[in-house]
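Scroll down for the structure; my scribbles are underneath it.
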Amino acid sequence: MADTAARLVVGLARRAARDRPGTLRFEGAGLPGGRAIVTGSGDPVAMVVVHDPRTWHTVVRRGSRGLAESYIDGWWDTDDLTALVRVAFHRSAPLRRFLDASARRAVPLVQAVQRLRPPSKSDDRHNIASHYDLSNEFFAAMLDPTMAYSCAYFADGEATLEEAQVAKFERIATKLALGPEDHVVEIGTGWGGFAIHAAERHGCRVTTTTISEAQRALAAKRVAERGLADRVTVLGADYRDLDGRYDALVSIEMVEAVDWRRHDRFFATCARLLTDRGRMALQAITIADGSFERAKLHDDFIRAMVFPGGCLPSVAAVAASVARTSDLRIVGLEDIGPHYAETLRRWRGNLENRRADVKRLGFDERFWRFWSLYLCYCEAAFVVRHVSDVQFVLARPGSPSGLGGVDVHARPDGAVTRSG
């Protein structure tokens with residue numbers, strides 16, 4: 001069984017390597033004849049060493065989830081996880097295009113069935129808790145002092161992660177022209193980084209909410225420690241339960257936790273919370289427009305094991321939902337995706353430097369392998385542009401002119417330059 005599955009996987013790897021960059025070398029248990037096999041050529045290069053022959057059958061039967069599960073269990077290793085995933089993305093591109101087209105044709109039937117079972121508020125709280133309530137100490141080991149768990153903005157290669165996260169916060173504040181007269185509502189507090197920044201640097205009042213109890217507790221503590229309790233209110237409310245009207249709304253990489261069946265409700269709520277002159281900044285991880293219909297229904301490794309209930313929107317999906325549900329207009333759109341690969345590399349480096357601390361928190365080897373795979377998988381996805389990260393600026397009809405900020409231009413080498 002293992003020999004047959006290995007032949008199938010290696011055969012597919014060889015066929016998929018045609019005219020695609022990247023080299024994979026397979027060694028170890030279950031290979032036909034027990035010999036190492038090389039497929040493809042050029043960079044990136046990765047070597048896969050299989051320790052347990054069950055790996056092959058698991059990959060054939062369960063796809064990307066099987067590949068992830070078998071890695072976490074220690075059944076195989078590689079000298080470069082990020083390179084391996086980059087090669088996999090390159091080689092699977094034709095298959096993904098076929099599946100994307102098939103998903104688009106099946107939209108009416110699938111949506112009719114799926115809309116009958118939208119997630120509940122309790123489902124959302126459970127899904128958020130499964131990831132974000134893991135351990136504040138663990139996230140502190142991985143993140144920088146701002147505790148921002150979202151794409152940073154590296155103005156240059158010399159910036160520290162903390163400097164790049166502050167630059168991201170400031171970029172959003174500048175795009176919205178925030179000032180002391182503004183009351184800002186934030187959907188998705190995280191650990192309070194943006195709320196603290198907006199209050200300290202721009203004098204705003206901020207009402208921020210998260211349904212992660214661990215995040216809420218630490219964010220409130222950090223706000224109090226900074227002497228900002230009179231300007232920042234941290235809630236534990238679902239976004240649908242918010243009331244009042246605000247001058248500005250900010251949501252940084254929270255919309256990915258909103259099921260696609262709730263997109264209209266999300267953007268209608270955002271519009272309801274804004275004054276007639278209100279404006280909004282939305283930072284979101286996005287998938288290509290043509291892949292949205294497939295991705296929203298497909299439980300891959302990330303959706304099944306890292307962010308249950310998640311759904312990456314596309315730019316077109318956001319624009320369509322906004323148009324259906326509100327009078328908001330998109331007045332600014334900036335792709336900052338090249339910055340995310342570097343952000344993920346910095347997070348991974350922090351964890352590697354603090355591995356002993358992570359172990360002292362009680363996390364075992366399986367946990368370590370899970371997070372290594374997650375971070376490398378995401379880094380590769382941003383490097384090959386399988387996904388990206390964008391900042392939208394949206395505005396009510398009565399909002400001030402001139403919103404939107406400056407442009408970022410990504411060079412082919414992945415570096416960025418700033419203009420404006």
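The values are calculated or read from the model by the stated rules, or taken from the named source; none is laboratory data. Values in this document were obtained by computation on a predicted structure and should not be read as measured data. Glycine gets a Cβ as well: all are built from the backbone with ideal geometry, and neighbour counts include every protein chain shown.
Among the residues in the stretch 87-109, are any part of a helix (DSSP H, G or I) and modelled with pLDDT of 95 or more?
Yes: one or more hits.
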Q. With respect to LEU394, is the statement that it is in contact with a Gly (Cβ under 9 Å, 6 or more places away or on another chain) and either touching a residue at least 24 places away in the same chain (Cβ under 8 Å) or not assigned by TED's automatic domain parsing to the domain that holds HIS263 (or both) true?
A. yes
Q.
Among the listed residues THR39, THR78, THR23, identify the single one that is farther than 29 Å from TRP347 by Cβ and hydroxyl-bearing (Ser, Thr, Tyr).
A. THR39
Q) If you go through the stretch 10-23 one residue at a time, do you hit one that is surrounded by fewer than 19 Cβ atoms within 10 Å (Cβ to Cβ), within 27 Å of the chain's Cα centre (by Cα), among the aliphatic types (A, V, I, L, M) and within 28 Å of VAL306 (Cα to Cα)? A) no
Q. Is one or more of the residues making up the stretch 353-368 surrounded by 21 or more Cβ atoms within 10 Å (Cβ to Cβ) and not in a helix (DSSP H, G or I)?
A. no
Q: Kindly indicate whether any position in the stretch 294-311 is in a helix (DSSP H, G or I), touching a Leu at 6+ places or on another chain (Cβ under 7 Å), crowded, with 21+ Cβ neighbours inside 10 Å and free of Cβ contacts under 8 Å to residues at least 24 places away in the same chain.
A: yes
Q: Can you tell me which residue within the stretch 145-188, out of those that are farther than 26 Å from PRO400 by Cβ, of a type in the set (Asp, Glu) and not in a helix (DSSP H, G or I), is modelled with the highest pLDDT?
A: GLU158
Q. Residues in the stretch 358-370: is at least one out of contact with any Leu (no Cβ under 6 Å at 6 or more places or on another chain) and closer than 28 Å to ASP100 by Cα?
A. yes
Q) Could you count how many residues in the stretch 33-53 are more than 22 Å from THR23 (Cβ to Cβ) and touching a helix residue (DSSP H, G or I) at 6+ places or on another chain (Cβ under 7 Å)? A) 1
Q) Just wondering, is there one or more residues in the stretch 249-269 that are at pLDDT 95 or above, hydroxyl-bearing (Ser, Thr, Tyr), in the same structural domain as LEU134 (by TED's automatic domain parsing) and farther than 11 Å from ILE187 by Cα? A) no
Q: Considering only residues that are in contact with an Asp or Glu (Cβ under 9 Å, 6 or more places away or on another chain) and not acidic (Asp, Glu), look in the stretch 375-390 and name the one that is surrounded by the fewest Cβ atoms within 10 Å (Cβ to Cβ).
A: VAL390
Q) Yes or no: ASP182 within 21 Å of ASP259 (Cβ to Cβ), in contact (Cβ under 8 Å) with a residue 24 or more places away in the chain and either of a type in the set (Phe, Trp, Tyr) or touching a helix residue (DSSP H, G or I) at 6+ places or on another chain (Cβ under 8 Å) (or both)? A) no
Q. Are there any pairs with C-beta distances below 8 angstrom linking a residue in the stretch 336-356 that is over 18 Å from ILE252 (Cβ atoms) to a residue that is in a loop (DSSP other than H, G, I, E, B) and of a type in the set (Asp, Glu), with the two at least 6 apart or on different chains, and if so which?
A. ASN350/ASP144
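Among the residues of the stretch 133-147, are any under 30 Å from MET47 (Cβ atoms) and β-branched (Val, Ile, Thr)?
no
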Q | From ALA281, ALA320, residue being among the aliphatic types (A, V, I, L, M), farther than 30 Å from ALA68 by Cα and surrounded by fewer than 18 Cβ atoms within 10 Å (Cβ to Cβ) | A | ALA320
Q) Can you tell me which residues in the stretch 25-52 are out of contact with any Ser or Thr (no Cβ under 7 Å at 6 or more places or on another chain), surrounded by fewer than 19 Cβ atoms within 10 Å (Cβ to Cβ) and not in a strand (DSSP E or B)? A) ALA29, PRO32, GLY33, GLY34, ARG35, ALA36, ASP43, HIS51, ASP52
Q: Looking at (1) closer than 23 Å to ASP123 by Cβ; (2) not in a strand (DSSP E or B), find the lone condition where ALA271 falls short.
A: (1)
Q. Of all residues in the stretch 304-361, how many are within 20 Å of the chain's Cα centre (by Cα) and charged (D, E, K, R)?
A. 6
Q) Is it the case that the stretch 111-133 has a residue that's more than 28 Å from LEU394 (Cα to Cα), among the β-branched types (Val, Ile, Thr) and outside the structural domain of GLU200 (by TED's automatic domain parsing)? A) yes
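Every residue, every condition in (1) outside the structural domain of VAL331 (by TED's automatic domain parsing); (2) over 27 Å from GLY349 (Cβ atoms); (3) not acidic (Asp, Glu), yes or no:
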{"position": "ASP144", "(1), (2), (3)": "no, no, no"}
{"position": "GLY157", "(1), (2), (3)": "no, no, yes"}
{"position": "GLY179", "(1), (2), (3)": "no, yes, yes"}
{"position": "PHE194", "(1), (2), (3)": "no, no, yes"}
{"position": "ALA198", "(1), (2), (3)": "no, yes, yes"}
